[in-house]
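For reference, the structure is listed below as structure tokens.
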Amino acid sequence: MTPRTLRFYRERKLLPPPRREGRIAWYGPQHLARLRTIAALLERGHTLGGIAELISAFECGRDVGELLGLAGATVTVPWQEEDAVRLTPAELADRFAGEVTPENLTASLDMGYLGVDGDEIVHVSRRLLDASTALVRHGIPLAAVLAAGHEVRAHADALAGTFTELIRTHVLAGLRPGEPATAAALAELRSIAKTVMDAEITMALDRRVRTEPAVWLGAHGAADEPGSARPG
């Protein structure tokens with residue numbers, strides 16, 4: 001990246017100023033993390049102006065609804081339930097010993113799992129962070145966990161789209177904006193959709209747990225058993 005681009009980012013309030021010693025400007029890890037965040041947002045189609053507004057809102061503690069012009073909207077369904085987690089780079093490294101590589105950090109930024117706030121790293125979801133930590137502790141590489149997360153998100157978006165279409169087609173036409181019944185109906189429908197998806201995923205996992213280990217152990221057991229008959 002050229003000095004001209006860095007100056008342009010600073011002028012657009014996308015990047016905090018560097019530490020200066022005389023005529024030398026020093027950029028640290030927080031600047032690199034911010035630049036990776038900007039790059040990830042640009043790849044998703046955001047404009048520099050939009051990114052600057054998002055960063056400003058995040059740093060000032062403004063609500064996303066306010067940023068999108070939805071402050072005071074009559075439909076106030078709590079669609080976001082995840083708790084963000086603030087970590088120092090050292091705390092993140094402790095959670096994923098030896099796995100915090102530039103490639104994994106870039107993947108996490110691209111997926112929106114991680115963001116940067118000053119000297120801290122912000123993970124979007126405590127539940128996802130704890131789950132990722134547990135999977136890595138069980139021996140699954142973080143890169144594989146992130147790849148699986150990318151696939152799971154695609155399926156989750158598809159499932160959410162299915163329920164959104166149901167609600168749009170069969171419910172929204174009969175609702176009036178601004179009425180308390182509208183917010184209550186949407187909240188109830190969201191809860192129902194979550195229940196259905198949770199039940200289906202749980203049953204799918206149960207089916208896999210019953211069959212996969214038996215197949216795997218059976219195949220390996222037959223190959224390892226002394227004196228077992230082998231075809232051919």
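Some points to look at:
- Condition check for VAL171: more than 30 Å from VAL100 (Cα to Cα), over 18 Å from the mean Cα position of the chain (by Cα), surrounded by 13 or more Cβ atoms within 10 Å (Cβ to Cβ) and at pLDDT below 90: yes
- Some residue of the stretch 66-83 being among the hydroxyl-bearing types (Ser, Thr, Tyr), loosely packed, with under 15 Cβ neighbours inside 10 Å, farther than 30 Å from SER132 by Cα and at pLDDT below 75: yes
- Of residues in the stretch 40-52 being under 17 Å from the mean Cα position of the chain (by Cα) and open to solvent by 80 Å² or more (accessible area, probe 1.4 Å), the one farthest from GLY112 (Cα to Cα): GLU43
- Selection count where residues are more than 19 Å from PRO102 (Cβ to Cβ) and loosely packed, with under 13 Cβ neighbours inside 10 Å, scope the stretch 1-39: 14
- The stretch 153-166 residues that are without any contact (Cβ under 8 Å) to a residue 60 or more places away in the chain, paired with ones that are of a type in the set (D, E, K, R) and surrounded by 10 or more Cβ atoms within 10 Å (Cβ to Cβ) (beta carbon under 8 Å, 6 or more apart): none
- A search for C-beta distances below 7 Å between a residue of the stretch 125-138 that is at negative phi and any residue that is open to solvent by less than 70 Å² (accessible area, probe 1.4 Å) and assigned to a helix (DSSP H, G or I), counting only pairs 6+ apart in sequence or on different chains, returns SER132/VAL145; THR133/ARG95; LEU135/VAL145; VAL136/LEU142; VAL136/VAL145.
To keep it simple, each residue is scored yes or no on (1) open to solvent by 60 Å² or more (accessible area, probe 1.4 Å); (2) of a type in the set (Ser, Thr, Tyr); (3) assigned to a helix (DSSP H, G or I); (4) under 27 Å from THR106 (Cβ atoms).
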residue: ILE140; (1), (2), (3), (4): yes, no, no, yes
residue: ALA144; (1), (2), (3), (4): no, no, yes, yes
residue: THR162; (1), (2), (3), (4): yes, yes, yes, no
residue: LEU186; (1), (2), (3), (4): no, no, yes, no
residue: ARG190; (1), (2), (3), (4): no, no, yes, no
residue: THR211; (1), (2), (3), (4): yes, yes, yes, no
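- Number of residues in the stretch 35-52 that are at pLDDT 80 or above and within 17 Å of LEU92 (Cβ to Cβ) equals 1.
- Residue in the stretch 107-124 that is charged (D, E, K, R), assigned to a helix (DSSP H, G or I) and either free of Cβ contacts under 8 Å to residues at least 24 places away in the same chain or surrounded by fewer than 17 Cβ atoms within 10 Å (Cβ to Cβ) (or both) present: no
The values are calculated or read from the model by the stated rules, or taken from the named source; none is laboratory data. As the structure is a computational prediction, the values presented were derived from the model and not from experiment. With ideal geometry, Cβ positions are generated from the backbone for all residues, glycine too; neighbour counts draw on all protein chains shown. Ligands, DNA and RNA are excluded from the accessible area calculation, which covers all protein heavy atoms including side chains. Shrake-Rupley method; radii C 1.70, N 1.55, O 1.52, S 1.80 Å.
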